[in-house]
1. Which one of the conditions (1) under 25 Å from B:M101 (Cα atoms); (2) of a type outside the set (S, T, Y); (3) surrounded by 15 or more Cβ atoms within 10 Å (Cβ to Cβ); (4) within 16 Å of DNA strand C (Cβ to nearest atom) does A:A99 fail to meet, given that it meets all the rest?
2. For the range A:88-95, check the following and say yes or no: at least one residue is within 16 Å of DNA strand C (Cβ to nearest atom) and without any contact (Cβ under 8 Å) to a residue 40 or more places away in the chain.
3. Mind listing whichever residues of the range B:126-136 are closer than 11 Å to A:L160 by Cα and either of a type in the set (S, T, N, Q) or more than 10 Å from chain A (Cβ to nearest Cβ) (or both)?
4. Could you list, in sequence order, all residues of the range B:128-165 that are surrounded by fewer than 16 Cβ atoms within 10 Å (Cβ to Cβ) and within 16 Å of the chain's Cα centre (by Cα)?
5. Considering each residue of the range B:61-86, count those that are more than 19 Å from the chain's Cα centre (by Cα) and exposed (fewer than 12 other Cβ atoms within 10 Å of the Cβ), and give that number.
6. Failed condition for A:E11, given (1) within 16 Å of DNA strand C (Cβ to nearest atom); (2) free of Cβ contacts under 8 Å to residues at least 40 places away in the same chain; (3) of a type outside the set (K, R), with all others met?
7. Being without any contact (Cβ under 8 Å) to a residue 24 or more places away in the chain and hydroxyl-bearing (S, T, Y) narrows it down to one residue among B:S123, B:S156, B:S176; which is it?
8. For residues in the range B:30-55 being among the small types (G, A, S) and closer than 27 Å to A:P105 by Cα, which is nearest to DNA strand C (Cβ to nearest atom)?
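The values are calculated or read from the model by the stated rules, or taken from the named source; none is laboratory data. Because the structure is a prediction, the values reported are computed rather than measured. With ideal geometry, Cβ positions are generated from the backbone for all residues, glycine too; neighbour counts draw on all protein chains shown.
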2 protein chains.
Amino acid sequence: MEGDTRETIREVALELFSTRGFEQTSLREIAERVGLTKASLYYHFPSKQALLTAIIDPVIEGWRTVAIDVKNLPNTPQNIREVLRRTMDVLLANQSVAAIMLRDPAGVVAAIGPIWEDLVDTSKRLTTWIAGPDPTTTQRLRAVAAMEILGGALTSVTYLDEPAPEDEVRTVLLESAIAVLRLED
Amino acid sequence: MEGDTRETIREVALELFSTRGFEQTSLREIAERVGLTKASLYYHFPSKQALLTAIIDPVIEGWRTVAIDVKNLPNTPQNIREVLRRTMDVLLANQSVAAIMLRDPAGVVAAIGPIWEDLVDTSKRLTTWIAGPDPTTTQRLRAVAAMEILGGALTSVTYLDEPAPEDEVRTVLLESAIAVLRLED
DNA sequence: GTCTATAAGAGGATAGAC
DNA sequence: GTCTATCCTCTTATAGAC
């Protein structure tokens, strides 16, 4: 069950990009781990940049879907909860890809600037929606705080001695985000 | 008022490292902006790495101070508030340096691994203290969430259309962190 | 202190045989 | 599809004149 070489390359690259960073990973290293030469990688991907986008693009798509769906959704407490939940799900379902952007934003920007801008834009739209209609600065900042908390799903691993069960991470962080937004008022 | 060349180099490097990332900034670029040649930089700093540590070290020191002072501080609600406040102050007082670590963690790790580990360790101790004595996993996660919120002081600029006044950023994010910790219980 | 010149090497990428 | 060999560029860093 050798599977697709292209797929293997993508998996190895994902592993290395997410742990060492994009810039810090050379094609030589990837080729070595896959058991190929650098040159062979170029048969499957036309450039290092293309390899990165092949990894990131599908996730961007899912991320953008969350933001698009929100467009005409009434900003009710129930809906906000639901959107936070879905945002968290996307993060948890794509931890490795998210880790690339967390560990080496500068490298990713240098490689695929426009895609990164798009990502920031999507996050911005999501944050703005969460802040509610005609938000005060305070409400905007609370929305930023809420989004920041969700990111804790990725960083908690680093800051806890023993990793927390994913279910609890999801529950506690969602609760926390909701608490920050003061949805009960 | 030409000032110290060494200091100028440090300032230019800080500016570039914090906006483009450490790896993405070459000594050629720095030299160009300072108005020197690459070779001259080496008269003032023995290596690119040394330039980075000259920038980061003082801040690490301040950061560590917060964590050390906490060591024998009783974990009362009042003290937790105070520690959060001081943590926020350190972040706000060193936004550019913090931005380096935010934009290019992978590059910083590759250059000065041990110092980075130290930083993570310090943050970990701080988070653990905030979580309180014999914390449950939920309490630990809330502490992570609280720390994550403070980081919003750095990212809010990216996610808000118009930058929020620093005073309000401080106040709202501190309130949010406290809300997450449920100090009122 | 700052310069010119250059070393030494790694990186991404291509050509062309098999 | 994978290889060997090579190109080109850029980087950090050093040597030594001024």
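1. (4)
2. Scanning the range A:88-95, I find no residue that is within 16 Å of DNA strand C (Cβ to nearest atom) and without any contact (Cβ under 8 Å) to a residue 40 or more places away in the chain, so the answer is no.
3. B:T127, B:T128
4. B:V157
5. Counting residues in the range B:61-86 that are more than 19 Å from the chain's Cα centre (by Cα) and exposed (fewer than 12 other Cβ atoms within 10 Å of the Cβ) gives 5.
6. Just one mismatch for A:E11, condition (1).
7. B:S156
8. Top of the filtered list is B:A31.
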